[in-house]
Amino acid sequence: MLNKPVLVESLIVFVIVVFVHAVVWDRYSWCAVALAVQAFYVQFKWDRLLQLGGAVFQFRTAANSGLLPASMVIPLLGIVMKERCKSAGIVYFERFGIVVASTGMLVALFLSVIAVGVTKPVPTNTCILTGVAGSIIIYTMKHSLTVSEVIEVLEVLLIFVYLSMILLYLLPRCFTPGEALLVLGGISFVLNQLIKRSLNVIEGRGDPIDFFLLVAVVGVVLLGLFFTVLFIFMDSGTWISSMFFHMMTAVLGLGVIMPWLYRLIQRNPLFWLLQFLFQTQTRVYLLVYWTFLAASACGVVFYQNAKRSSESKKHQASTITRKYFHFIVVATYVPGLIYDRQLLYVAAVLCLAVFIFLEYIRYFRIKPFGQTLRHLLSLFLDERDSGPLILTHIYLLLGMSLPVWLFPRPCAPKGTLSGAGALVPYSGVLAVGVGDTIASVFGSTMGEIKWPGTKKTFEGTMTAIFAQIIAVALILIFDSSVNLNSSYAWILASVSLVSLLEAYTTQIDNLLLPLYLQIMFM
């Protein structure tokens, strides 16, 4: 029996794919359409595997596989990046967009082949569709990519395969197959880019803040893998293990990560970072303001835990309480987007590294703060945190930051794109900070008409669309760099489609929605 919410979610994704390729139709469009059709069919095979417990790894059970929406994100991002950079005449990044699209298609196809391979009996029709889609993609890659680009795509696929086997085994029930595709596919691509750039360092080429992102992401992932293997043989909750954790973190940070970054940016990373952060008076004001907001967020956590302690029954944070953090994040990102996007870029990277490091301390019960973090954060758990890791706050940060990190700066004259593209850095603020927050608050308090097959309400979705349109108007008023050039109909359609996707998806909306809104805006 087909799941109606999954069908509606798939329909919305198909509409987005059609919208994008109605604007940029080329040989890659055939690949994207073929990938979407086969992912739609394979998605139901994954769902059946998850229901019967026949999947190779343990995935998050409170959601469907999410294969179709996840499969289209990376290919569509690559295609729209290619078109933007082609129109700007930047050949290097046009080729980079092609590599991104090809990599996304191949990784998604690999995940589909896995599902088809472990399904019993073998689904003949789905196998034929997967074979046809694979043939179209490989044929297009053969006639589009150079030998070095093909090798790069295969390198990312190889990293993805090994990373998936390791992390999905170590972290059961943390991801759906679609979320694993997005997260592990992204990490694989970042790792491959870092290796490639480390082997081909040319002094003065490349932006230091891009290298900072690559090294930070790979550094915290490798740190986690190292301690996960180490604590198989040690009890991580003892003082000796905790001291060893802090000591090895310092050794790996100062002895591996810092020299690696030094090789890439050709200067002392700490001196560069301090000089960058305090370069202008505006940056000092922003850092002070962000420090105040961070203290406010900590205050909310401590207050809610004190409230739990004073009540006799088990207390869990409400939806509205959790949305306080969305409001705080919006208040954090909007001034950074208006006044200093480079500072916001670097601050978001630092914040991501801190969040992941604190999650390691909580997960491994590292003294003296591990048990305290477990107690404080348990109040804010929801059904999406069914695995050993608490990832929702990290997904929130990623959802707000990815449009800033993935903004194609070299292909944007004067640091901004024209038309709806000017709103690309605001995709996270609009989709998650405004849309998702308003939909949850109004839907849970005043919503009465539910969308068929879901807990989301019609009132919540309509209010979210209206709120995002108001937010766009405010951005136009306060950010002089944004010029929409009469792209209002496209913006309304983009916001509406992504808000409908929020109503029907069971995936991590903090991660998925900003990426789709960014694709539509680009």
Any idea which residue in segment 154-186 is modelled with the highest pLDDT, counting only those that are in contact with a helix residue (DSSP H, G or I) (Cβ under 6 Å, 6 or more places away or on another chain) and open to solvent by 40 Å² or more (accessible area, probe 1.4 Å)? Glu155
What number of residues within segment 273-287 satisfy the criterion of being part of a helix (DSSP H, G or I) and more than 27 Å from the chain's Cα centre (by Cα)? 6
Those residues of segment 467-488 which are of a type in the set (Gly, Ala, Ser) and open to solvent by 80 Å² or more (accessible area, probe 1.4 Å) amount to Ser480, Ser486
Only one of (1) in contact with a His (Cβ under 9 Å, 6 or more places away or on another chain); (2) surrounded by 24 or more Cβ atoms within 10 Å (Cβ to Cβ) is not met by Phe59, so which one is it? (1)
Unique residue being aliphatic (A, V, I, L, M) and more than 23 Å from Leu154 (Cα to Cα) when the list is Val220, Val215, Val190: Val220
For segment 335-386, name all the residues that are surrounded by fewer than 17 Cβ atoms within 10 Å (Cβ to Cβ), among the charged types (D, E, K, R) and part of a loop (DSSP other than H, G, I, E, B). Asp382, Glu383
From the list Gly237, Gly253, which one is under 22 Å from Ile366 (Cα atoms) and touching a residue at least 40 places away in the same chain (Cβ under 8 Å)? Gly237
Only residues in segment 280-292 that are under 16 Å from Ile328 (Cβ atoms) and open to solvent by less than 90 Å² (accessible area, probe 1.4 Å) count as the first member; pair them with residues that are among the hydroxyl-bearing types (Ser, Thr, Tyr) and part of a helix (DSSP H, G or I), Cβ under 7 angstrom, at least 6 apart or cross-chain, and list the lot. Leu286/Tyr339; Trp290/Thr332
One residue from Ile232, Ile209 being modelled with pLDDT under 85 and either touching an Asp or Glu at 6+ places or on another chain (Cβ under 8 Å) or among the β-branched types (Val, Ile, Thr) (or both): Ile232
Please find, among Leu430, Leu513, Leu517, Leu500, the residue that is touching a residue at least 40 places away in the same chain (Cβ under 8 Å), over 21 Å from Leu344 (Cα atoms), open to solvent by less than 60 Å² (accessible area, probe 1.4 Å) and under 24 Å from the mean Cα position of the chain (by Cα). Leu500
Reported set for segment 387-400 where residues are touching a residue at least 60 places away in the same chain (Cβ under 8 Å) and assigned to a helix (DSSP H, G or I) is Thr392, His393, Tyr395, Leu396, Leu397, Leu398, Gly399, Met400
So which residues in segment 1-23 are hydrophobic (A, V, I, L, M, F, W, C) and either over 24 Å from the mean Cα position of the chain (by Cα) or open to solvent by 20 Å² or more (accessible area, probe 1.4 Å) (or both), if there are any at all? Met1, Leu2, Leu7, Val8, Leu11, Phe14, Val15, Val18, Phe19, Ala22, Val23
Restricting attention to segment 313-330, does a residue exist that is small (Gly, Ala, Ser) and surrounded by 16 or more Cβ atoms within 10 Å (Cβ to Cβ)? yes
Please indicate, with yes or no, whether at least one residue in segment 187-203 is modelled with pLDDT of 85 or more, open to solvent by 80 Å² or more (accessible area, probe 1.4 Å) and in a helix (DSSP H, G or I). no
Here are some residues: Ala88, Ala55, Ala108, Ala63. Which one is among the small types (Gly, Ala, Ser) and either on the phi > 0 side of the Ramachandran plot or at pLDDT 85 or above (or both)? Ala108
I'm told Val91 meets every condition in (1) without any contact (Cβ under 8 Å) to a residue 40 or more places away in the chain; (2) touching a helix residue (DSSP H, G or I) at 6+ places or on another chain (Cβ under 7 Å) except one. Can you identify the failing condition by its number? (2)
What about Ile114, is it farther than 21 Å from Thr140 by Cβ and touching a helix residue (DSSP H, G or I) at 6+ places or on another chain (Cβ under 9 Å)? yes
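Residue by residue, here is whether (1) in a loop (DSSP other than H, G, I, E, B); (2) under 21 Å from Leu350 (Cα atoms); (3) within 25 Å of the chain's Cα centre (by Cα) holds:
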site: Leu184; (1), (2), (3): no, yes, yes
site: Leu214; (1), (2), (3): no, yes, yes
site: Phe226; (1), (2), (3): no, yes, yes
site: Met243; (1), (2), (3): no, no, no
site: Met247; (1), (2), (3): no, yes, no
On the given criteria, is Lys450 surrounded by fewer than 21 Cβ atoms within 10 Å (Cβ to Cβ), of a type in the set (Lys, Arg) and on the phi < 0 side of the Ramachandran plot? yes
What residue, among those in segment 101-129 that are surrounded by 23 or more Cβ atoms within 10 Å (Cβ to Cβ) and of a type in the set (Val, Ile, Thr), is nearest to Asn64 (Cα to Cα)? Val107
Filtering segment 414-463 down to residues that are more than 16 Å from Asp479 (Cα to Cα) and out of contact with any helix residue (DSSP H, G or I) (no Cβ under 8 Å at 6 or more places or on another chain) yields Lys455, Phe458, Met462
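The values are calculated or read from the model by the stated rules, or taken from the named source; none is laboratory data. Please read all numbers here as calculations on a predicted model, not as lab measurements. As a convention, Cβ positions derive from the backbone with ideal geometry for all residues, glycine included, and neighbour counts pool all protein chains shown. Ligands, DNA and RNA are stripped out before the accessible areas are found, and what is left, the full protein with its side chains, is counted by its heavy atoms. Shrake-Rupley method; radii C 1.70, N 1.55, O 1.52, S 1.80 Å.
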